[in-house]
Amino acid sequence: MSQKLQNVRVRSAPSPTGDPHVGTAYVSLFNYAFAKNAGGTFILRIEDTDRSRSSKESEEAIMRSLRWLGLEWDEGPDKEGDPGPYRQSERFGIYSKYGQKLLENGSAYRCFCTSERLAALRKTQQAQKRPTGYDGLCRALGEDEIEQKMAQNEPYTIRLKVPAEGETSYEDYIRGTITFRNPEIDDQVLLKSDGFPTYHLANVVDDHLMEISHVIRAEEWITSTPKHVLLYNAFGWEQPAFIHLPLLRNKDKSKISKRKNPVSLDWYREKGYLKEALLNFLALMGWSIGAEREKFTLQEMVTHFSWERAKKSGPVFDLQKLDWLNGEYIRAMSPDELLDRIVEEGYTDYTDVPRRKLLSIMELVQDRMKTLSEFDESIGFFFAREPYDAETLIPKKKDASFTAEVLEALKDTLEGVEDWTTESLEQALQAFCEEGGWKRRDVYMPLRVAITCRRVSTPLFETMEILGKKECLVRFQEAVEKCENKG
RNA sequence: GCCCCCAUCGUCUAGCUCGGCCCAGGACGCCGGAUUCUCAUUCCGGUAACAGGGGUUCAAAUCCCCUUGGGGGUACCA
């Protein structure tokens with residue numbers, strides 16, 4: 001397998017159906033990394049030949065998502081180049097012309113079989129435990145029969161005439177030689193009866209016209225590649241190199257699917273995964289940078305990219321590890337940077353809060369966040385008194401009267417703190433515990449809940465400083481009353 | 001059913017191309033501990049794998065074969 005890296009042109013060719021899929025990002029990432037490493041061109045081509053399932057919204061979502069991730073293409077639907085357009089629905093005329101060519105040189109034939117007959121055929125084949133596939137009925141049609149049917153306007157498809165004997169093989173960069181016996185390759189439909197091409201024809205024609213040098217796609221295409229090879233041969237075209245990436249898997253090892261895994265790139269974005277974390281994680285799913293490193297940037301992947309370090313086996317998509325990675329990236333940023341990201345990318349509603357205040361809060365929550373969407377959730381109590389049960393005030397293994405006692409005792413101390421800073425508060429509270437013989441945890445928990453309304457919160461004294469004495473005392477008083485009502 | 005791909009800790013993997021340095025290394029998770037006002041963070045420690053069987057060889061996680069397991073394909077969807 002000679003890697004001719006002179007003129008690398010690769011493409012990501014998603015179908016615009018449904019939500020933008022992580023698999024698209026995954027395949028695009030590898031195309032991108034390889035192209036950029038080789039100084040080549042990364043193309044985005046929209047494969048919308050399935051008219052009923054394709055949608056404009058989906059196409060836009062794919063482009064938006066890829067751009068969000070920073071996988072910018074050099075040529076694509078909105079970046080026209082010589083071999084465009086890059087949307088197959090806009091190349092409609094091209095395919096039938098090439099289908100015609102195949103008809104003329106005897107590599108394809110018209111098939112008038114109805115879908116009903118095909119379905120029945122498949123059924124009996126399965127029942128008889130025979131391999132399924134077209135039986136070649138229309139291959140034997142004579143010229144006059146064909147003309148007659150056409151005169152009667154009978155709908156037909158154009159099928160590839162796969163050689164009855166021999167075998168077809170190709171070299172896969174990461175899997176080596178893959179061989180299929182020709183009788184096992186189906187006479188694939190190339191042009192549907194509505195005149196639209198199937199994936200197979202459109203794909204090969206476009207890859208040729210767009211001078212794609214390496215076809216990098218997911219493993220699920222391995223079996224249809226021999227059909228593509230046959231097509232290149234039938235046209236007399238040089239074939240590109242083929243590389244099949246392992247499929248992303250659910251926990252049960254099946255192909256990743258939305259029923260078993262969040263699969264939409266929008267979901268990851270909304271949840272607040274950083275693009276660098278998601279990219280890094282996706283890269284890890286099919287490639288390793290070597291040594292004992294697992295954190296690396298897109299740019300590092302590009303510079304170190306090589307197929308030797310690509311893997312063949314299908315990785316389970318494990319959100320737990322993504323969470324960890326995301327946390328790593330979050331912690332690696334300065335509070336300032338993090339806040340910028342959160343504000344710019346719209347993860348917070350607290351946009352009219354003074355930046356200085358948000359920043360001081362950020363310092364308290366940064367280490368506690370796994371995703372950006374957790375920011376607002378974890379700081380809500382800074383801006384509003386949240387409802388909570390009196391029960392919540394009670395420390396472990398203690399009761400309501402104990403809690404009331406603590407709060408009562410605490411009152412004077414709190415009110416007496418003049419300099420409402422983290423340091424003085426801590427000093428005052430420590431002194432309070434020592435003098436009164438209280439255990440810290442028994443004092444801090446009720447206080448924490450009184451101040452933050454939550455048992456899990458940012459560090460107490462820092463939080464109190466930010467809230468200010470006045471607000472803290474109000475909250476404290478409310479807690480005391482809550483306790484009294486309870487008791 | 002048939003065809004194709006794959007196979008190292010629960011998960012992601014290094015090692016396999018060029019057999020010995022591997023009674024298999026790292027990471028996530030989990031468990032335990034330290035720090036600690038909660039939760040996190042941070043730091044220590046622990047758990048856990050070469051699917052099985054045959055070969056080849058002085059020597060195999062690494063090469064070959066078989067079995068098993070998993071996955072994908074099998075459409076006028078991509």
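What do you reckon, is A:I62 under 23 Å from A:L247 (Cα atoms), out of contact with any strand residue (DSSP E or B) (no Cβ under 7 Å at 6 or more places or on another chain) and either of a type in the set (V, I, T) or assigned to a strand (DSSP E or B) (or both)?
When the stated conditions are applied, A:I62 passes them.
Among the residues that make up segment A:257-272, is at least one of them among the acidic types (D, E), surrounded by fewer than 22 Cβ atoms within 10 Å (Cβ to Cβ), assigned to a helix (DSSP H, G or I) and modelled with pLDDT of 95 or more? Looking for residues that are among the acidic types (D, E), surrounded by fewer than 22 Cβ atoms within 10 Å (Cβ to Cβ), assigned to a helix (DSSP H, G or I) and modelled with pLDDT of 95 or more, one finds at least one in segment A:257-272, hence yes. Residues that are within 22 Å of the chain's Cα centre (by Cα) and in a loop (DSSP other than H, G, I, E, B) were ranked within segment A:314-347; the one that is farthest from A:W68 (Cα to Cα) is A:G314. Of all residues in segment A:302-313, none satisfies the criterion of being touching a helix residue (DSSP H, G or I) at 6+ places or on another chain (Cβ under 7 Å) and within 24 Å of A:I256 (Cα to Cα). Is it the case that segment A:151-168 has a residue that's under 33 Å from the mean Cα position of the chain (by Cα) and more than 20 Å from A:C113 (Cβ to Cβ)? No, segment A:151-168 contains no residue that is under 33 Å from the mean Cα position of the chain (by Cα) and more than 20 Å from A:C113 (Cβ to Cβ).
If you check A:T413, A:T392, A:T463, A:T403 for being in contact with a helix residue (DSSP H, G or I) (Cβ under 7 Å, 6 or more places away or on another chain) and within 21 Å of A:I361 (Cα to Cα), only one passes: A:T463.
Number of residues in segment A:293-335 that are in contact with an Asp or Glu (Cβ under 8 Å, 6 or more places away or on another chain) and more than 8 Å from RNA strand B (Cβ to nearest atom) equals 5. Residues considered: A:D48, A:D82. Of these, the only one that is of a type outside the set (S, T, Y), in contact with a Pro (Cβ under 6 Å, 6 or more places away or on another chain) and either surrounded by 20 or more Cβ atoms within 10 Å (Cβ to Cβ) or over 25 Å from A:N280 (Cα atoms) (or both) is A:D48. Checking every residue in segment A:211-224 against the condition of being more than 15 Å from A:D186 (Cα to Cα), among the acidic types (D, E) and within 9 Å of RNA strand B (Cβ to nearest atom) gives at least one match. Within segment A:322-365, the residues that satisfy the criterion of being more than 13 Å from A:G272 (Cβ to Cβ), free of Cβ contacts under 8 Å to residues at least 40 places away in the same chain and polar (S, T, N, Q) are A:S334, A:T351. Here is the figure for segment A:114-134: residues that are more than 7 Å from RNA strand B (Cβ to nearest atom), within 25 Å of A:E154 (Cα to Cα) and among the aliphatic types (A, V, I, L, M) total 3. Exactly one condition in (1) outside any strand (DSSP E or B); (2) aliphatic (A, V, I, L, M); (3) under 39 Å from the mean Cα position of the chain (by Cα) is not met by A:L103; state its number. Among (1) outside any strand (DSSP E or B); (2) aliphatic (A, V, I, L, M); (3) under 39 Å from the mean Cα position of the chain (by Cα), A:L103 violates only (3). Within segment A:428-449, the residues that satisfy the criterion of being within 12 Å of RNA strand B (Cβ to nearest atom), without any contact (Cβ under 8 Å) to a residue 60 or more places away in the chain and not in a loop (DSSP other than H, G, I, E, B) are A:L429, A:Q430, A:C433, A:R440, A:R441, A:D442, A:V443, A:Y444, A:M445, A:P446, A:L447, A:R448. No other residue among A:I394, A:I361 is surrounded by 14 or more Cβ atoms within 10 Å (Cβ to Cβ) and either touching an Asp or Glu at 6+ places or on another chain (Cβ under 8 Å) or more than 18 Å from A:F476 (Cβ to Cβ) (or both) apart from A:I361.
When segment A:99-130 is filtered for residues that are basic (K, R) and within 21 Å of A:G195 (Cβ to Cβ), the ones remaining, listed by number, are A:K101, A:R110, A:R117.
Pairing residues of segment A:164-188 that are closer than 21 Å to A:A108 by Cα and assigned to a helix (DSSP H, G or I) with residues that are more than 8 Å from RNA strand B (Cβ to nearest atom) and of a type in the set (D, E, K, R), at Cβ distances under 8 Å and at least 6 apart in sequence or on separate chains, gives A:N182/A:E165; A:N182/A:E167; A:P183/A:E165. Return yes when A:S306 is exposed (fewer than 15 other Cβ atoms within 10 Å of the Cβ) and among the polar types (S, T, N, Q) and no when it is not. Criteria met by A:S306. Within segment A:273-288, the set of residues being buried (at least 19 other Cβ atoms within 10 Å of the Cβ), assigned to a loop (DSSP other than H, G, I, E, B) and within 15 Å of RNA strand B (Cβ to nearest atom) comprises A:Y273, A:M285, A:G286.
Residues that are out of contact with any Ser or Thr (no Cβ under 7 Å at 6 or more places or on another chain), in a helix (DSSP H, G or I) and more than 9 Å from RNA strand B (Cβ to nearest atom) within segment A:365-380 comprise A:E374, A:E377, A:I379, A:G380, listed in sequence order. Among the residues here, A:L425 qualifies as within 16 Å of RNA strand B (Cβ to nearest atom) and touching a residue at least 24 places away in the same chain (Cβ under 8 Å).
Going by what's in this entry, would A:F34 be described as within 14 Å of RNA strand B (Cβ to nearest atom), assigned to a helix (DSSP H, G or I) and aromatic (F, W, Y)? Considered against the rule, which asks whether it is within 14 Å of RNA strand B (Cβ to nearest atom), assigned to a helix (DSSP H, G or I) and aromatic (F, W, Y), A:F34 comes out as no.
Checking A:R130, A:R122 one by one, the residue that is among the charged types (D, E, K, R) and surrounded by 11 or more Cβ atoms within 10 Å (Cβ to Cβ) is A:R122 and no other. Note on segment A:452-473: residues that are in contact (Cβ under 8 Å) with a residue 60 or more places away in the chain and either assigned to a helix (DSSP H, G or I) or more than 8 Å from RNA strand B (Cβ to nearest atom) (or both) total 6. If you go through segment A:195-228 and keep only what is crowded, with 20+ Cβ neighbours inside 10 Å, assigned to a helix (DSSP H, G or I) and of a type in the set (A, V, I, L, M), you end up with A:L201, A:A202, A:V204, A:V205.
The values are calculated or read from the model by the stated rules, or taken from the named source; none is laboratory data. Computed from a prediction, not measured in an experiment: that's the story for all the values here. Please note: Cβ atoms are built from the backbone with ideal geometry, for glycine as well, and neighbour counts cover all protein chains shown.
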